[in-house]
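Chemist: Take this structure first; my questions come after.
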Amino acid sequence: MYRLLIDGTLVEGASTMDVVNPATGATFATCARADASQLESAVAAAKRAFPAWSATLFSERRALLERWADAIEARKGEFARLLTQEQGKPLPQAAYEMEGTLGLLRTFAAMELETEVLRDDGVSRIIRQWTPLGVVAAITPWNFPMLLLMMKLAPGLSAGNTMVAKPAPTTPLTTLLLGEVASGILPAGVLNIIVDQNDLGPLLTSHPDVAKVSFTGSTGTGKRVMQAAADTLKRITLELGGNDAALVLDDADVDVVAPAIFQAATLNAGQVCLAAKRVYAPQALYEPLCAALAKLANEAVVDDGEKQGAQIGPIQNRAQFDKLKEFLADAHANGSVIAGGAPLDREGFFIAPTIVKDIPDDARLVREEQFGPILPILAYDDLDDAIARANDSEYGLGGTIWTSNPERAIDVAMRIDSGTIWINKHLDLPFDIPFGGAKQSGFGAEMGREGLEEFTQSKIVNVAL
């Protein structure tokens, strides 16, 4: 039984819940489920622990977080297997996620926001101090349960906050295991982990003793988080949905860019907020690119992530699987499906990687975030028009440009309305570089110094000399 972490103790839940392996569609584990009373206990424990943790020397917090990282690393194989079982991604991708999780924890454990003198001119001395906020709620989705959680825990704890983490109800186990490892290392109440069936979120995000909410998930849920935080003016960071455009320039080599675009669209079965979700190609390259992507889709190995050789795993949960079947119907109705186009006839939640051409800009598959391995390819005649169409979205999280001339692509990137643009690569997210969304893809920074500052209050001390 996987247990909650409340005030330094692993506890049973008020009830239990089943966890499904998406590769089989069957329950494979049971875990604790919290009720409102246990959530209150977790917030209260974090509030009690905050004064001592925030007053702890940075060097001591760093040592504890590094001990935690070492303990996670000692069990990283166990974490990776469990991650594949509950999330579905192929085991090598799960191992890579755990490496990133450890990298994030160690990076922020060593990153200190030191008090700085902004001015000292003999007339006045102006000092800036960064102070922790208090209790922080970390709410995470099911596509990268470990990596996205550690983007919040590592800077939040390093800065001196205490935290209450709430994972997605379909992928709670690795988060609970993370709490188990932390329970013998971090002081009581510094990290608390509760699990729900999406029923405790409003209580957590509106709680008067929570100073900040860091949320990753859908734009619709992000708006509700923002509303819940308004009454107490909580600090919030929102990393929300995306509909990232992949823009192929007319000097691109199809043989080079097609595999990279396919990987950008189908990594983690397309369940990536920053995945390539629509492709714009010039008329001269359109048919060759469509053919190359269709070939890659037809050759991809779609299977249980625990099986050697699996390249694309299942969709993580039945609700998303059913939503993707609606997108497939839209693709067949409005475009030409040249690869895939249907769920696989087997147990579990598998969708064949699908390539769609000749689809209009107003189709659901183009306008909405599909969050699965279904990729529309659109043609353009004029680059200015392609940029305008790429920008014609309520989202602005990321995007990619593919070219043989990176310098030219930089000028194009400056005209794309997104928080991050990659040129001739995808999903390169250095831990010391911030990222965040534009428009309805959210606001605030994660990672980098800016991401650490999000978990603090800047305080100015202005002294007359």
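The values are calculated or read from the model by the stated rules, or taken from the named source; none is laboratory data. All values derive from a computational prediction rather than experimental measurement. All Cβ positions, glycine included, derive from the backbone under ideal geometry; neighbour counts span all protein chains shown. Protein only, heavy atoms only, side chains kept; ligands, DNA and RNA dropped before computing areas. Shrake-Rupley method; radii C 1.70, N 1.55, O 1.52, S 1.80 Å.
Chemist: Calculate, for ASP345 and ARG449, the FRET efficiency according to 1/(1 + (r/R0)^6) with r their C-beta to C-beta distance and R0 51 Å; round to the nearest 0.05. Let's see the in-between values first.
Modeler: Details: r = 50 Å, r/R0 = 0.98.
Step by step, r from the Cβ atoms, then E = 0.55.
Chemist: Here's something else I'd like to know. Given only helices, namely DSSP H runs of n ≥ 4 each adding -39500 (n - 2.57), what is the per-residue ellipticity at 222 nm of the chain, to the nearest 500 deg cm²/dmol?
Modeler: Helices in the chain give a 222 nm mean residue ellipticity of -12000 deg cm²/dmol.
Chemist: How large, in percent, is the carbon and sulfur part of the accessible surface of the range 87-238 at a probe radius of 1.4 Å?
Modeler: 53 percent
Chemist: Okay, next question. Multiply the residue separation of GLN308 and THR131 by 0.36 nm, subtract the distance between their alpha-carbon atoms, and state the gained length in nm to one decimal.
Modeler: Gain on stretching GLN308 to THR131: 59.0 nm.
Chemist: Okay, moving on. Determine which aspartates and glutamates satisfy two conditions relative to LYS459: a Cα distance under 18 Å, and not lying fewer than 8 residues away in the same chain.
Modeler: Reachable aspartates and glutamates: GLU112, GLU114, GLU116, ASP120, GLU450.
Chemist: Pull out the extension gain between PHE58 and ALA110, defined as 0.36 nm times the separation in residues minus the alpha carbon to alpha carbon distance; nm, one decimal.
Modeler: Extra length available between PHE58 and ALA110 comes to 17.8 nm.
Chemist: Something else now. Could you pull out every residue, at least 5 positions away or on a different chain, whose amide H is within less than 5 Å of the one on TYR380? Hs are placed 1.01 Å off N in the peptide plane, and Pro or chain starts have none.
Modeler: ALA281, GLN283
Chemist: Just the Kirkwood number for the range 298-453, please: inverse of mean 1/r across all distinct Cα pairs, in Å, one decimal.
Modeler: 17.7 Å
Chemist: Given R₀ = 45 Å, FRET efficiency for ALA284-SER218 by Cβ-Cβ distance, to 0.05?
Modeler: The computed FRET efficiency comes out at 0.75.
Chemist: What dipole magnitude, in Debye to the nearest 20, does the chain give about its Cα centre under +1 on Lys/Arg Cβ and -1 on Asp/Glu Cβ? Walk me through the numbers on the way to the answer.
Modeler: Values: 40 positive and 59 negative charges, 274 e Å.
It comes to approximately 1320 debye.
Chemist: Please identify every one of the chymotrypsin sites (Phe, Trp or Tyr not before Pro) in the range 284-334 that sits in a loop by DSSP and has no more than 11 other beta carbons within 10 Å of its own beta carbon.
Modeler: none
Chemist: Using the per-residue mean of other Cβ atoms lying within 10 Å as a proxy for protection, in what order, highest first, do the peptides 198-205, 436-443 fall?
Modeler: 436-443, 198-205
Chemist: Where the Cα atoms of the chain are projected onto their three principal axes, how long is each span, largest first, in whole Å?
Modeler: Sorted from largest, the Cα extents of the chain read 67, 61, 40 Å.
Chemist: Moving on to the next point. Could you tell me which of the pairs LYS166/LYS357; LYS323/LYS439; LYS89/LYS357; LYS234/LYS425; LYS76/LYS295; LYS223/LYS357 are separated by over 29 angstrom between their Cα atoms in the structure shown? Write down the numbers at each step before the final one.
Modeler: Details: LYS166/LYS357 39 Å; LYS323/LYS439 24 Å; LYS89/LYS357 27 Å; LYS234/LYS425 36 Å; LYS76/LYS295 35 Å; LYS223/LYS357 33 Å.
Going by Cα-Cα distance, LYS166/LYS357; LYS234/LYS425; LYS76/LYS295; LYS223/LYS357 fall outside the 29 Å limit.
Chemist: Pick out, from LEU375, ILE185, GLN93, the residue whose Cα sits farthest towards the positive end of the charge dipole of the chain, with +1 on the Cβ of Lys and Arg and -1 on the Cβ of Asp and Glu.
Modeler: Toward the positive end, the furthest listed residue is ILE185.
Chemist: For the pair PHE28/ALA14, report the inter-label distance in nm, with labels modelled 7 Å from Cα in the Cβ direction.
Modeler: Output for this residue pair reads 3.0 nm.
Chemist: Quick check: with the 1.4 Å probe, what order do VAL195, VAL20 take by accessible area, largest first? Display every interim value, and only then the final one.
Modeler: Working: VAL195 0, VAL20 50 Å².
I get VAL20, VAL195, largest accessible area first.
Chemist: Still on this structure: With +1 on the Cβ of every Lys and Arg and -1 on the Cβ of every Asp and Glu, and nothing else charged, how large is the dipole of the range 323-412 about its Cα centre, in debye rounded to the nearest 20?
Modeler: 460 debye
Chemist: Right, here's the next one. Pop the C-beta distance of LEU203 and SER458 into the FRET formula with R0 = 30 Å and round what comes out to the nearest 0.05.
Modeler: 0.55
Chemist: How long is the range 294-382 along each principal axis, judged by its Cα atoms, biggest number first, in Å?
Modeler: 44, 27, 19
Chemist: So, one more: How do TRP142, TRP422 stack up against each other in accessible area, from largest to smallest, with a 1.4 angstrom probe? Before the final figure, lay out the partial values.
Modeler: On the way: TRP142 50, TRP422 10 Å².
Largest accessible area first, the list is TRP142, TRP422.
Chemist: Still on this structure: Name the residues of the range 121-136 whose amide N is less than 20 Å from a point 7 angstrom out from the Cα of ARG48 along the C-beta direction?
Modeler: In the range 121-136, the label zone of ARG48 (backbone N under 20 Å from the point 7 Å along Cα→Cβ) covers 134-136.
Chemist: Kindly give the semi-axes, whole Å and largest first, of the ellipsoid equivalent to the range 1-104, taking each as the square root of 5 times a Cα gyration tensor eigenvalue.
Modeler: Ellipsoid half-lengths, sorted descending, are 28, 23, 9 Å.
Chemist: Give me a comma-separated list of calculated 3J(HN,Hα) values for the range 274-282, in order, Karplus coefficients 6.51, -1.76, 1.60 applied at θ = phi - 60°, integers in Hz, x for any Gly or Pro.
Modeler: 9, 5, 6, 10, 7, 10, 10, 10, x
Chemist: Below 8 Å, C-alpha to C-alpha, sequence gap of six or more: please give me the relative contact order for the chain in percent. Don't skip to the end; give the middle numbers.
Modeler: Numbers: 1095 pairs, mean separation 86.9, N = 465.
This gives 19 percent for the chain.
Chemist: Can you compute 3J(HN,Hα) from phi for each residue in the range 302-311, using the Karplus curve 6.51 cos²θ - 1.76 cosθ + 1.60 with θ = phi - 60°, rounded to whole Hz and x for Gly and Pro?
Modeler: Rounded to whole hertz, the list is 9, 6, 3, x, 7, 8, 4, x, 5, 9.
Chemist: So, with +1 on the Cβ of K and R and -1 on the Cβ of D and E, and no other charges, what is the size of the charge dipole of the range 88-169 about its Cα centre, to the nearest 20 debye?
Modeler: Its charge dipole is roughly 280 debye.
Chemist: Still on this structure: Any idea what angle helix 76-87 forms with the longest principal axis of the chain, computed on alpha-carbon atoms, 0 to 90 degrees, nearest 10?
Modeler: 60 degrees
Chemist: Karplus couplings for the range 437-453 from phi (6.51 cos²θ - 1.76 cosθ + 1.60, θ = phi - 60°), rounded to Hz, Gly and Pro as x?
Modeler: Working through the residues one at a time gives x, 9, 6, 8, 8, x, 7, x, 10, 10, 6, x, 4, 4, x, 5, 4 Hz.
Chemist: Whole number in Å², please: accessible area per residue of the chain, 1.4 Å probe, ligands, DNA and RNA not counted.
Modeler: Solvent-accessible surface per residue comes out at 39 Å².
Chemist: Considering amide H positions built from the backbone, and no H for Pro or chain starts, which residues 5 or more places from GLY442, or on another chain, come under 5 Å of its amide H?
Modeler: So GLY442 has HN proximity to LEU240.
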